[in-house]
Every structure is written in C-alpha cells, then in structure tokens.
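Take a look at the structure below.
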Amino acid sequence: MNKHSLLILFLVWSLVGQAQQDFNYFYNQEVQFDDKIPTPEEILGFEVGEWHVSHDKLVEYMKALALASDRVSLEVAGYSYEHRPILLLTITNPENHSNIENIRREHLAVKTSKDDIANKPVVVWLGHSIHGNEASGSNASLLVAYYLAAAQGEDIEKMLANSIILLDPSYNPDGLNRFASWVNSHKSKNLDSNSLSLEHNEAWPRARTNHYWFDLNRDWLPVQHPESQARVKNFYKWQPNILTDQHEMGSNSTYFFQPGIPSRNNPLTPEKAFDLTRKIAKYHAKAMDAMGSQYYSEESFDDYYPGKGSTFPDLNGSVGILFEQGSSRGHLRGTQNGDLSFKFAIRNHVTTSLSTLEAAQELRGELLAYQNEFFSKAIGLASNDAIKGYLFTSNGDMNKSNAFLDVLIQHRIAPEKLTSNYKQFSKEESYLVKLSNEQYRLTKAIFEKRISFKDSLFYDVSAWTLPLAFGLEYQEITAKELAKLRTEPLKITERSITNDLKNSNYGYLLKWNDYMAPAALSQLQTAGLRTKLTTHAFQLNGVDYVKGSIFIPVQNQSLSKKEIFELMKDVESRYFVPVEGINSGDANGVKLGSPSFKNLNSAKIAVIGGNGVSSYEVGEVWHLLDQRMDMPMSLVAIDQLNSTNLSQFNTIIMVNGNYSKLKVEHLHNWVKSGGLIIATKSAGKWLSKNKISTVKYMKAKPDSTQQRPYELMSRYRGAQVIGGAIFETKADLSNPLFYGYSSTSIPVFRNSTLMMERSKNAYANPLMYTKSPLLSGYISSKNIKKLANTSAVQIDKVGAGTVITFTDNPNFRAFWYGTNRMFLNAIFFGREIRTK
C-alpha cells in the first residue's frame with residue numbers, strides 16, 4: 001500500500017469519529033489518548049475481542065497507525081508462504097526516530113563497549129501468537145500498539161524516550177488468518193461457552209501451524225521457513241534486550257510467565273539471564289494482581305531447546321520470556337475457573353506487555369550491562385574451552401552443505417573455508433567454524449553433542465545437533481589441530497554451476513550424491529523422459545559413477561535431442577546439480593546398455609492426511625516434496641481414499657497417526673497389484689497389525705511391581721519418554737534405499753518408544769541401530785538397552801508391491817537433510833528393491 005492509499009484510508013477513519021470502546025477494561029488505569037490516532041475499532045469496525053481479527057485487518061490497522069503517529073514506523077520484513085506480509089513496527093519518540101540508524105548502531109556497540117551505557121535506550125521486542133490458534137496475543141497487539149502510539153502523559157513520554165520497542169503483531173500470519181476464519185464463521189450471536197461447540201473444535205489440520213503445518217516456535221534455530229528467516233534477520237539487526245513470546249495453553253489453566261522449571265534450563269545460558277527473568281516476573285505479578293488475574297510461574301515449561309522463541313534469545317545476549325494464557329479457543333469458553341472470555345485473555349496479554357515495558361525501563365542499565373557482559377565474555381569462554389572449533393565437509397553434496405552454511409550465516413556465525421587439505425577434509429568442500437567468536441554459546445549449541453542432563457524431563461527435544469541432522473561429516477578441533485589448519489574467510493557469492501555441459505547424441509548422467517538430485521530427476525520424469533537407475537558402479541571418461549547414478553538416454557525419447565539438451569541445462573542451473581553429457585556407453589565396469597540399469601517410473605504420490613493423522617508429519621512430507629523437490633503429489637483424506645480408485649497412484653505415504661478408519665482390504669489389494677507404501681512410526685504398526693507387512697514390534701513389558709512414591713509417578717513415567725534424541729544407525733550402502741550415502745554410519749532422529757524387531761529375512765533390514773546407538777540427547781537406561789541392535793527400516797514384498805517401514809520420522813522439522821535422502825530414495829527406488 002502506497003502513501004497515497006494510506007492517506008485516503010486516514011481520511012476515511014477520520015470522518016468516522018472517535019469510537020466508544022472502554023479502554024479502562026484493558027489498561028486498568030485512566031489514560032488520556034490522542035484523538036488524532038485511530039482506535040482499533042475505527043479501522044476494524046468492531047471492538048477488540050468482539051471478533052477475532054483476521055490478518056489483513058491486523059495489517060490494515062498497523063498501517064493506519066504508522067500513518068497517523070510520528071511515534072510509529074512500519075516495515076514489511078518478508079512474506080509468509082501464502083504471501084501475507086510479515087510486519088515489524090518500530091515504536092519510540094519522534095526524536096529517536098529521526099536518529100534511529102545511529103541508535104541501532106550504538107546499541108549493537110554495547111556488545112563490545114560500556115561507553116555511555118547509562119544513556120542508551122533499551123530495546124524490547126514484543127512478539128505475538130506464533131501459534132495461529134493462540135490468537136489472544138495478536139489481538140492484544142492492537143491495543144498495545146494503540147496505547148504506545150496514542151497514550152499521553154509524562155510516563156509514556158519517558159518510556160518512549162528511553163526505549164526502542166519492536167512490535168511484531170503476528171509471528172504466524174497464515175495460521176492466525178486460518179484460525180480467525182474458523183472461529184468467526186462458527187460464532188453465534190448468543191455466545192456458546194460449551195467446549196463441544198464447533199467454534200471450539202477446529203477441523204484438521206487446525207491453525208496452530210504455518211501453511212505447511214510446521215510449528216514455527218521450533219524454527220528459531222533451524223530457520224527453515226520464511227516467517228522465521230524474516231524474524232531472525234531483524235532480531236540480529238537489533239539484538240533486543242528483551243524478547244516476549246505470547247502463547248495460550250489449556251482452557252482450565254490460568255496465566256503463566258517465566259521463569260520455567262529451574263532444572264530444565266539450557267546449561268549454555270548464563271545464570272544472570274534467569275536472574276533478570278525473575279526480576280522482570282515481579283513486575284508481571286504486580287500488574288496481574290492489580291487486574292485481579294490469577295497466575296503462576298516456575299512450575300511448567302522449560303528453557304532448554306534454542307529453537308523456541310523464549311530460549312533462542314537467551315543464547316544471544318537477550319532475555320526471552322514466555323507467556324501462556326489459558327485459552328478461550330473461540331469467544332467464550334466454560335472452564336473450571338468460570339467462563340473465560342476472549343476479551344479477558346486479551347487483557348492479560350496487554351497487561352504483561354505493559355509490565356514488560358515497565359520492567360525494561362527500571363532495569364534498563366542492568367539489561368544493557370548484561371548484554372555487554374554476555375558478548376564480552378564469549379572470547380574468554382572460548383579460550384578456556386578444550387574444543388576450539390568444528391570442521392565439517394560436504395562429501396560432494398554441495399547443496400546440503402550450502403543449506404547448513406546458510407543457517408550459520410543467518411545466525412551471524414562466520415564459517416571459514418579450508419585452503420589446504422587436512423586428513424579426510426578436502427579443501428574444495430570443507431569448512432571450519434571457530435568457537436572464538438561473539439556467538440560462542442550459540443555456536444556451541446549448534447554443534448555440541450550432549451548426553452548428560454540435570455533433569456530427565458523435557459518440554460521438547462533433548463537434542464538437535466545440526467551437523468548430525470544435516471548428515472555432514474564433522475569433528476571437534478583442539479588447539480593443536482587448529483594450529484595445523486589453513487583457512488580463509490568464506491566468500492558469499494551467488495550460486496552457480498561451473499560445469500560445462502556438453503550437448504550429447506548418446507545420453508546424460510546425473511550423479512545421486514547431491515541433495516537436490518531427486519528434484520532434478522523429478523523434473524526430467526515430469527517432462528516425459530525415460531530415466532534409468534545404475535545398480536552397479538562404473539567408470540566413464542575418467543569419472544567414477546557409483547550405484548544410484550541416473551542415466552538419461554537421448555534416443556527413443558518423446559523429446560528431441562535439442563529439447564533434451566535445453567532441459568538438462570535448465571535442471572543443472574535450477575537445482576545446482578552437475579549433469580554430464582556422454583557420447584559413448586563403453587564404460588569400464590558395466591556398459592550403459594547393461595540389464596543392470598533399471599527403468600524408473602515417475603512417482604504418482606498420495607499422502608494420507610485427515611483426522612487422526614499427524615498434521616506436523618504430513619506437512620513435513622508436503623514441504624519436502626512441494627517446496628524443495630518440486631514434485632507433484634496429492635494430499636488425500638482417509639475417507640476419500642476409501643472410496644477412490646487407487647490405480648491413479650503408484651505410491652502412498654502414511655505418516656504417524658491413527659488409521660483405524662482406513663479400509664484394509666482396499667489398500668492391501670492395491671499394494672499387492674504393484675503399489676508402493678512408505679510408512680513411518682505408528683503407520684507401520686497399523687500395517688503390521690492388519691498383516692499388510694510382516695514387521696514385528698517389541699512389546700512393552702510391565703514396569704515393575706515394586707512400590708514407588710505417588711508424588712514421583714509423573715517424573716518416572718516422563719523419564720521413559722524419548723522426547724527427541726539422536727542415534728547412530730548402520731546402513732547397507734549396497735541397498736538402493738541408501739544410494740547416494742558415503743558412510744555406513746547414519747545419524748537418525750527418534751522421538752518415540754516404538755521399536756522394531758529384526759526380521760528373519762537377512763535382506764529386509766538394511767538399516768540397524770548400533771550396539772551403543774546414543775549420539776546426543778536423553779534416553780533412559782532401560783530404553784537404550786531395548787533399542788540397541790534393533791531395526792530402523794524394514795522392506796516387505798507384498799505380491800507385486802512393496803512396503804517400506806521406517807520406525808522413525810526421516811523428515812523431522814525440515815532440517816533433517818541427512819535422512820531426507822533415504823525417504824526420497826524410497827519413493828524413487830522402492831519398487832526396485834528385492835528382499836530375496
């Protein structure tokens with residue numbers, strides 16, 4: 001929207017006149033407001049809390065506010081998958097606005113200098129509703145922004161003079177809009193508080209997540225999605241002293257603010273951060289007491305996984321604070337604490353937003369001093385660490401290593417490139433990250449493997465070691481080793497392919513060791529080209545081609561020689577994968593006309609979704625195939641699948657979920673006639689139970705007959721949960737499921753206690769957990785003994801078809817690049833795998 005359009009909007013709401021909403025309910029004090037600033041009601045057409053604000057109306061109001069107030073500026077930081085703008089408002093007094101860039105630079109200088117620290121403004125980031133169906137936060141942002149833009153008096157003037165307030169009204173635009181559409185379309189004139197009401201029970205996949213059904217409050221560290229990338233970029237641009245993260249929880253709960261459970265804090269976070277959180281909590285308690293609202297602290301939630309919005313800031317010199325409001329779900333909800341209105345939920349978030357700003361004012365000097373201390377001590381911490389850095393290599397997979405490098409660079413971590421070979425690390429594709437930098441703690445968090453913990457209970461995962469997740473070979477570097485390394489700063493250049501593709505009359509070869517090779521193959525198949533899989537290694541023109549390479553002959557294709565060449569060039573440049581033009585099939589090893597080359601059919605994929613199925617895991621498959629691999633696919637609900645002629649598909653993907661309503665015979669007949677089923681986690685158990693596969697799962701044995709203290713029951717049970725840890729498996733690299741891998745040792749992620757017994761068929765389990773599999777994270781001693789030497793994958797031939805069962809989720813949260821490959825191999829090569 002341009003300034004002319006905004007001016008028209010400004011004139012429209014100016015003619016409407018001041019609205020009559022009673023703001024005293026939300027602010028609990030008599031406040032004078034500038035009548036030149038539009039109220040939310042004047043722009044929205046309804047009072048805050050009367051309806052759920054849609055994202056477009058939220059944007060409209062924030063733009064009107066920025067036009068009307070010299071305290072407010074607005075930027076579009078990026079766009080969501082559904083192309084909704086991601087906004088960031090900067091709110092301060094006009095004098096600060098006129099000097100905002102200098103203020104920002106001086107604020108960043110606090111990291112290394114205490115000069116004039118007492119006179120510098122504090123930077124506070126107010127963030128709202130990263131879960132779209134926890135909407136009271138974004139609706140509260142309307143009232144907080146209005147207050148900061150329009151409130152009059154000495155207190156607000158002082159606050160604005162001493163603060164830069166960054167207000168993000170919606171961390172998750174697509175989810176927020178999806179939820180507003182649901183609850184508004186099911187709202188009655190006479191509000192219905194019954195928990196059974198449709199208004200309070202969203203349809204699958206619900207609105208917690210973004211467009212591809214990812215939980216964005218797990219993506220602050222991996223930064224795999226545009227919403228996170230835009231947010232993290234501005235976080236580092238400003239390095240706020242406080243960042244707030246407003247959520248909702250179960251309706252029968254009251255209100256929570258951090259600190260969380262002390263034994264579950266990340267050990268890399270300085271204790272001073274938790275001291276400051278406790279001090280700030282006193283301001284929340286006082287403000288909530290004044291409103292008469294109930295609250296609690298330090299009994300729930302942890303501060304451990306840095307992919308969450310309240311923990312990520314803690315490892316970056318800020319103080320992250322989680323707020324959880326009991327949810328009204330719609331507009332009114334009956335609870336054990338009485339009827340909970342949407343307006344009441346909004347009011348509590350407004351209250352703690354303002355108490356955060358009050359605390360930031362009074363603790364300004366302490367917050368700025370802490371930020372300086374956090375970064376100035378980083379080099380000292382690194383010098384005392386026996387580990388001096390981390391060396392990693394792509395092993396020929398440049399797309400994968402570039403994706404990892406991109407994560408590091410987004411977090412202001414500067415990798416260096418090797419200029420000479422070191423052991424198995426070649427200078428062409430190896431990199432060093434030194435711990436001696438201001439991001440010492442975050443660098444450590446990204447690379448370290450941790451297997452000992454104060455507590456055995458975790459709110460989220462206990463491990464996320466990113467080089468393991470990306471499937472990169474890496475090692476810790478000592479001071480002695482560091483002295484031997486020769487490196488140079490990594491140059492950030494536009495990516496391109498340097499390969500000089502030759503026009504061929506015979507054919508083209510595509511190696512399978514690059515992460516994006518499946519995308520290239522999919523494009524070739526979509527264009528109608530016949531493609532062939534190499535099942536034996538060979539050498540041609542001095543180049544080694546391993547199993548899994550793809551041969552595309554020129555003759556007898558539906559496209560002309562020229563069209564094929566142009567397509568090869570396009571695939572090369574689009575996916576940055578080298579393709580080789582060849583003029584002979586006379587290879588050393590097997591010839592290119594050998595029967596060992598298998599024709600590959602293009603995949604016609606259905607991914608089963610709907611009620612009972614994990615929307616997270618469906619979304620992970622959808623995102624991988626659609627966003628990364630450009631592969632066509634269909635999302636199909638169980639009831640539709642039951643009544644569908646399945647012959648239009650040759651591949652069905654079943655993720656973790658409840659499939660009790662799926663017609664067994666319908667699916668069984670399809671797979672026996674040549675279909676391919678790829679199943680993960682509990683989907684595999686359903687297939688086994690219904691005798692579609694022969695997988696056998698280990699049965700849970702009774703815990704114990706001994707007496708235990710009642711008060712420790714939840715802790716004991718929780719300690720048996722595998723909330724998310726990383727384990728080592730050993731792969732048979734000769735199996736097509738592992739074409740493209742260079743090491744038999746493959747790290748996998750596991751967050752369930754489902755364990756698969758070994759098959760009696762010696763060829764059915766090409767991936768096995770090792771004898772001592774734990775690489776990073778928490779698992780009980782009881783469970784690690786059970787997991788050792790079990791199977792991670794089983795392949796069953798069912799008539800003319802195939803079932804491939806993974807005990808775990810190879811596509812977890814979009815950053816498990818290392819195991820994406822085996823899942824994609826299952827899609828492309830699954831039909832070619834034999835078990836006898």
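The values are calculated or read from the model by the stated rules, or taken from the named source; none is laboratory data. The shown structure was predicted, so the numbers you read here are calculated from the model rather than taken from an experiment. Note that each Cβ is placed from the backbone with ideal geometry, even for glycine, and that neighbours are counted across all protein chains shown. Protein only, heavy atoms only, side chains kept; ligands, DNA and RNA dropped before computing areas. Shrake-Rupley method; radii C 1.70, N 1.55, O 1.52, S 1.80 Å.
Helix-only arithmetic for the chain: the sum of -39500 (n - 2.57) across DSSP H runs with n ≥ 4, divided by the residue total, places the mean residue ellipticity at 222 nm at -9500 deg cm²/dmol. Determine the shape class of the range 398-455: with a ≥ b ≥ c the square roots of the Cα gyration tensor eigenvalues, call it rounded for a/c under 1.5, and otherwise prolate if a/b is greater than b/c, oblate otherwise. Judged from the Cα gyration tensor, the range 398-455 comes out prolate (a/c at least 1.5, a/b above b/c).
Each other residue within a Cβ distance under 14 Å of residue 307 adds +1 if Lys or Arg and -1 if Asp or Glu, for a net charge of -4.
Within the set of other residues whose C-beta is less than 11 Å from the C-beta of residue 213, count the net charge using Lys and Arg as +1 and Asp and Glu as -1.
That works out to -1.
Applying 1/(1 + (r/R0)^6) with R0 = 30 Å to the Cβ-Cβ distance of residue 611 and residue 701 gives a FRET efficiency near 0.40. Taking a ≥ b ≥ c as the square roots of the eigenvalues of the alpha carbon gyration tensor, the range 203-290 is oblate, as a/c is not under 1.5 and a/b does not beat b/c. Remark: accessible surface ordering of 225, 97, 83 (largest first) is 83, 97, 225, probe radius 1.4 Å. Using a ≥ b ≥ c from the Cα gyration tensor of the range 441-551 (square roots of the eigenvalues), is it rounded, prolate or oblate, where a/c under 1.5 gives rounded and otherwise the larger of a/b and b/c decides, a/b for prolate? Prolate. Accessible surface of residue 211 in the full protein assembly, 1.4 angstrom probe, to the nearest 10 Å²? So the heavy atoms of residue 211 present about 50 Å² to solvent.
Across the range 351-365, computed HN-Hα scalar couplings (Karplus, 6.51 cos²θ - 1.76 cosθ + 1.60, θ = phi - 60°) run 4, 6, 5, 6, 5, 4, 5, 5, 4, 4, 5, 6, 10, 3, x Hz from first to last residue, x flagging Gly and Pro.
Computed with a 1.4 Å probe on the full set of protein chains, the accessible area for residue 295 sits at about 80 Å².
Loop-resident trypsin sites (Lys or Arg not before Pro) (DSSP state other than H, G, I, E or B) in the range 130-224 with no more than 15 further Cβ atoms inside 10 Å of their Cβ: 189.
The simple Förster model, with R0 at 56 Å and r as the Cβ-Cβ distance, assigns residue 544 and residue 664 a FRET efficiency of 0.75. Relative to the longest principal axis of the Cα atoms of the chain, helix 517-526 runs at roughly 80 degrees. For residue 77, the residues whose amide H sits under 5 Å from its own are 86, 87, 88, ignoring neighbours fewer than 5 places away on the same chain, with H placed 1.01 Å from N. Distant-in-sequence amide contacts of residue 774, defined by a placed amide H-H separation under 5 Å and a gap of 5 or more residues or a different chain, comprise 728.
Using the Karplus relation 6.51 cos²θ - 1.76 cosθ + 1.60 with θ = phi - 60°, the per-residue 3J(HN,Hα) values for the range 98-114 come to 6, 10, 5, 5, 5, 4, 4, 5, 5, 5, 5, 5, 4, 4, 10, 9, 9 Hz, with x marking Gly and Pro.
Where does each of 99-109, 122-132 land if you order them by average Cβ count within 10 Å, highest first?
For the peptides 99-109, 122-132, the packing ranking is 122-132, 99-109.
Annotation: residue 592 carries an accessible surface of approximately 0 Å², with a 1.4 Å probe and no ligand, DNA or RNA atoms counted. The distance linking the range 431-453 with the range 454-521 is 18 Å (Cα centroid to Cα centroid, whole angstrom). Calculated accessible area for the chain comes out at 40 Å² per residue, all protein chains present (probe 1.4 Å; ligands, DNA, RNA ignored).
Distance between the modelled labels on residue 79 and residue 379, one decimal in nanometres: 4.3 nm (7 Å Cα→Cβ projection). Along the axis of the charge dipole computed for the chain (Cβ charges of +1 for Lys and Arg, -1 for Asp and Glu, origin at the Cα centre), the listed residues 369, 171, 435 are led at the positive end by 435. For 81, 697, 710, the ranking by accessible surface with the largest value first comes to 710, 81, 697, using a 1.4 Å probe. In this structure, the residue pairs whose Cα-Cα separation is over 22 Å, taken from 696/836; 279/343; 699/771, are 279/343. Summarising the strand pairing of the chain, around 65 percent of its internal DSSP beta bridges are antiparallel. What a 1.4 Å probe finds exposed on the chain is 49% carbon and sulfur by accessible area, rounded to a whole percent. Listed by chain and number, the aspartates and glutamates placed with their C-alpha closer than 18 angstrom to that of residue 547 are 397, 514, 580, 586, 732, 832; residues fewer than eight positions away on the same chain are left out.
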